[in-house]
1. Relative to the present Cα-Cα distance, how much length would full extension add between Ala229 and Ser197 at 0.36 nm per residue of separation?
2. Kindly state, to the nearest 0.05, the FRET efficiency for Glu263 paired with Asp156, given R0 = 41 Å and r defined as their beta-carbon distance.
3. Under a Cβ-only charge scheme (Lys and Arg +1, Asp and Glu -1), can you give me the dipole magnitude of the chain about the Cα centre, in debye to the nearest 20?
4. Considering the options Val103, Ser27, Val175, tell which one lies farthest towards the positive end of the dipole of the chain, charges being +1 on Lys and Arg and -1 on Asp and Glu at the Cβ, about the Cα centre.
5. Provide the descending list of Cα extents for the range 59-217 along its principal axes, expressed in whole angstroms.
6. I'd like the orientation of helix 262-277 relative to the chain: the angle between its Cα long axis and the longest Cα principal axis, in ° from 0 to 90, rounded to 10.
7. Which value, to two decimals, describes the C-alpha radius of gyration of the range 8-150 once divided by 2.2 N^0.38 Å?
8. Give me the mean projected area, in nm² to one decimal, of the convex hull enclosing the Cα positions of the chain.
Amino acid sequence: MPHPFTPLASVPVDPRKARVHEEGWQSWSPSGAYALGDKPYRPTNDNWATVCYRPGVTVPEGAFQGEGLLALDPGDGSPVRLWAATDPLHEVPSIRLVAEGSVAEVSADGPVKEFTGTDIQSALAEWAAGLGVEAPRPAPTVWCSWYEYFTGVTEDDIHENLRAMDTLDLPIDVVQIDDGYQKALGDWLTLSGRFRSREGIADAIRARGRRAGIWTAPFLVDPASDLAAEHPDWLVEDLDGGFLHAGRNWGHDLCVLDTTHPEAAEYLASVFRTLVSEGYDYFKVDFLYAGALEGVRHSSADALTAYRSGIELIREAIGADSYLLGCGAPVLPSIGLFDAMRVSPDTAPHRRPEADDYSQPGQDPAEFTGVGRQWQHGRLWGNDPDCLMARPAVETRERWAAHVEATGGLMASSDRLLSLDQWGVETTRRLLAGDAR
């Protein structure tokens, strides 16, 4: 049962100048600062509410709400006030603000502490620094297959771009194969017909002096996969709301792996140990919100404990030297687990998101939330603002490149490199070579 909201503070505000920062639940959830008269970004359909926002949580009309963090600049010269979860790794209360005239009423449905600061971003940064998270290691530079080839990527595409990296003299450390190499979600070690050898392509990448990276969505399972057919007891039961996933990339419902089941946990660990043995040492793990969904698991662990244990299992399997990038992940429960974290929705070759839902792919939502979460960079992890796309077909590519550069975070190219014009090549080379990271 949901906990009732308890009043925290009544704060005098200047309605014309006050700003409120909402922290979204996971990577793709809109996060940023609004004027009191703004209408915050909210899900435009039920499926996106589950997949991209906090499942089961509805915010009343006219209210602002942060998941574990909410900051208020009263706009009258008084200090910024920040309310934060007392135990953000294990309990993430919703924190709500409703403005009535020149007073803001703040409440929460769980334990929070209050902090003050000079401005919203510095108050959030000071809170993050106080958590004592170890400073992230420097991020490698990356080429990723996703934003050119999507799920249609082939092994030959990887080889073509490997050759182009040399021809164009691009300082790329990691070549990351994204979604499309595997037969099905869950059947990570069975190849699609477009790849001949996962180990062979890793060898080819490493032979050119680069590191091999690979994408997985470790908690998602396709109902048509071999894993689902052979081990239905490895799947989380009775997910809250039925877990209907219309799939950004897959177009059908999906199941969730129960990593509290010992055999399922061993299977997932064996997948990552195998990938390491084949030469991969950079791992993008995606759609991680699924591991924190409420449902009936093998153990009695609550959803956030199960989620953290699942990520810890992956980290142990890949080893301390491998680089781990999270995406689509519940933000506060992920603290201390990752080298880098996607801090925004996906970008896209276009600016506006579908249905104007700011959790969906588009440069506008990626910029809004990426800027809103800049305070996390270097304090919780290295920020991943999502990939640079510099080919001529990309809408407002100059503006997108400027945003990616300004973050100082993980720098990844995601073009068919031979499609780049002179500006695209020079911009890609300059951003990858930059020392802002």
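The values are calculated or read from the model by the stated rules, or taken from the named source; none is laboratory data. Keep in mind that this is a model prediction, so the values were computed, not measured. Backbone-built Cβ (ideal geometry, glycine too); neighbour counts: all protein chains shown. For accessibility, only protein heavy atoms count, side chains too; no ligands or nucleic acids. Shrake-Rupley method; radii C 1.70, N 1.55, O 1.52, S 1.80 Å.
1. Gain on extension, Ala229 to Ser197, equals 9.1 nm.
2. On the way: r = 36 Å, r/R0 = 0.89.
For R0 = 41 Å, the calculated efficiency reads 0.65.
3. Working: 37 positive and 66 negative charges, 209 e Å.
Here the chain has a charge dipole of around 1000 debye.
4. So the residue we want is Val175.
5. On the principal axes, the range 59-217 reaches 63, 33, 28 Å in Cα extent.
6. Here the helix axis deviates by roughly 60 degrees.
7. Compared with the compact-globule rule of thumb, the range 8-150 sits at 1.15.
8. 19.6
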